[in-house]
Amino acid sequence: MRILEEGKADYLKVDPDGYRACVRDNKPHQMVSKMMTHKEAVERFVRDGDYLAYDSNYFQRGPSSLIREIIRQRKKNLWLCGKFTYVAVALLVESGCADRVDIGFIGFGPWISRAVREKKCTIYEYSNAVMTLRLKAGAMGIPFIPTRSFGGTDGYQHSGCKTVEDPFTGKPVLLLPALNPDVSIIHVHQADEFGNARVFGTGIAHAECALASKRVILSAEEIIDTEEIRRDPARTSIAHFTVDAVVHAPFGAYPGTVQGYYASDPMGVIEAMGAMFRGDFTEYLKKHVYSVATHDEYLSKVVGTEKLAEIRRRETIREGYVS
Amino acid sequence: MSTPATDFNEREFVICQISRLVDDKYIYWVGGGGEPMNSVLLAKRMGAPNLQYLTEDGCVGPEARVPFDPLMTMIASPANYRALQWGTMNYAADLAQLGYVDYGVLATLQVDRYGNINSTVVGKYEGGEGRRFGGPGGADSIAALAWRTILVTDQQKRKFVERVDFISSPGFLDGPGARERHGLPPGTGPWRVYTPWAMYGYGADCQLMIQAIAPFVTLEQVLAEMSFKPAIAPKLEILEVPTEEELMILRTQIDVGGQVTDRGRWIEFKDGKYTFAAR
């Protein structure tokens, strides 16, 4: 294939053979229980220098409790998949955990330009769906995927994409490098102890993240019996053998929503957005991350049972979510 | 009920303009929240009850329960209520790549002569010198793949520029044929730009052309809020003001807290014409 144009940026190395070997050697092919705490899951499966993907974001069925745990453990040099997200990239960069970001969409504010100027963070440009397509290629075990978007943009120049002459039609077509993150964190509605999991409602790329990532941590609102999984297999979004850790995390997406389970906490959302727009997370991190040791302690001491009952009550839509 | 309103603001005006374009014969991909989402929600309550729109999280044809909590325009259950189908982001992008998306509706920070969209940086990109924004998000897929793209932005000199500081999502790039040369599907591209003061289309040269203006501004005022001189349609139309019914629905059902509409100047009907209110 003739290469017509190339983006000039660094990108996570593409290695489908290496990924297959990782699946053979490291993925839990056998059904084994993977229940563990936030602390243990992050200690064991998130490593300094990892490429980290998370599905959805801090406010919408995102793994917010796991993001707070990563910050609490002061992980370093993470490279983030910043698609469809508001404050999570800001939190992870400002807390010193991440120093590279592939951007689809992030919540912005003075922090980001400052981080780039001070060379605390390097940015690579993509779009949301270009990132989910890269994950899709990673989830298919192939080295790249063609797309008909993203061409002609300035983002392209700061990406790892290439344009070739399509050998079938002869027309120019973009190729996106497959993405196989080192680790993905995904918040789900329900999971069994082995990691068979259900996501209800729409999502961003939870299934792709699970299949494409070397290590996968699930946090789940509810832990359910495998018998329940077997009763309605069409509802299984993620299969156990892709999963390394299952963490029981009721209200794991707080201050965000989990569709059908609880609404967002608008004041909690505004507090995080406010810190981001001001470009100062010091107080936010102190209160919401460092002041507590665990997610349970966070819920009881920082959020409070009254707030939890209120957001549970405010979610009145059940259709499509509850089995 | 379809009485022309005598008291409204710029934001409400532009939402009503876009809302009236929306037709339930077509499939729309609505970007994010803001004016695009409000326009579509309004259309669904006015002339297009069977309107189908798609959001970035792969939600197909919801009958959203409004108002939304802050930022909860996608994934959250009220936004996705009574949908026809729930998918994921790749599904939404696939539908657009297949050609199902007739119209994309998007807001932008900056637009240029060729309808290119900047939502990444104002000022210099390199070295973090400029003011950084969120990035293309889903807008790149919409702008690249929808048959026609409707943009909404403010009528300000710094927003209508000769060349955007950064092309986050593609307009006509640098003219006829450029999209195809960069691998985008033929027959797609920018179609309209709406601001609270004017409506633009594109000429055969792929460049912006003013087609209509609001009744509370003059053409000179519009041109003064652009950094380049656009073509002007031979017959300049005057946009119709919101109706009382549209405003009532917008204010009491959709944007109850004023999250989207509580910005911009107010317009009133005084001495037989629409003018900016003194308040």
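Just so you know, all these numbers are worked out from the coordinates, no wet-lab data involved. Just so it is clear, the structure is predicted and the values come from calculations on it, not from any experiment. We place every Cβ from the backbone using ideal geometry, glycine too, and count neighbours over all the protein chains shown.
Numbers below:
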item: Test: residue in segment A:165-176 that is of a type in the set (D, E) and within 9 Å of chain B (Cβ to nearest Cβ); result: yes
item: Of residues in segment B:147-187 being within 11 Å of another protein chain (Cβ to nearest Cβ) and hydroxyl-bearing (S, T, Y), the one nearest to A:D102 (Cα to Cα); result: B:S168
item: Single condition A:H206 does not satisfy, out of (1) facing another protein chain (nearest Cβ under 10 Å); (2) within 30 Å of B:R181 (Cβ to Cβ); result: (2)
item: Selection count, segment A:268-279, where residues are in a helix (DSSP H, G or I) and closer than 17 Å to A:I112 by Cα; result: 7
item: Output for segment B:190-206, where each listed residue is surrounded by fewer than 24 Cβ atoms within 10 Å (Cβ to Cβ) and small (G, A, S); result: B:G201, B:G203, B:A204
item: Pick from segment A:68-98, criterion in contact with a helix residue (DSSP H, G or I) (Cβ under 7 Å, 6 or more places away or on another chain) and of a type in the set (G, A, S), ranking: surrounded by the fewest Cβ atoms within 10 Å (Cβ to Cβ); result: A:S95
item: Wholly within segment B:6-113, helices (runs of 4 or more DSSP H) carrying at least 3 residues that are free of Cβ contacts under 8 Å to residues at least 40 places away in the same chain and within 14 Å of chain A (Cβ to nearest Cβ); result: B:89-98
item: Pair list, Cβ < 7 Å and 6+ apart or interchain, from segment A:98-119 residues that are facing chain B (nearest Cβ under 7 Å) to residues that are crowded, with 24+ Cβ neighbours inside 10 Å and among the acidic types (D, E); result: A:I103/A:E125
item: Selection count where residues are more than 8 Å from every other protein chain (Cβ to nearest Cβ) and touching a helix residue (DSSP H, G or I) at 6+ places or on another chain (Cβ under 7 Å), scope segment A:250-270; result: 8
item: Selection within segment A:280-323 - basic (K, R), out of contact with any helix residue (DSSP H, G or I) (no Cβ under 7 Å at 6 or more places or on another chain) and either away from chain B (no Cβ under 14 Å) or outside any loop (DSSP other than H, G, I, E, B) (or both); result: A:K286, A:K301, A:K307, A:R312, A:R313, A:R314
item: Test: residue in segment B:225-241 that is touching a residue at least 60 places away in the same chain (Cβ under 8 Å), in contact with a Phe, Trp or Tyr (Cβ under 9 Å, 6 or more places away or on another chain) and not in a loop (DSSP other than H, G, I, E, B); result: no
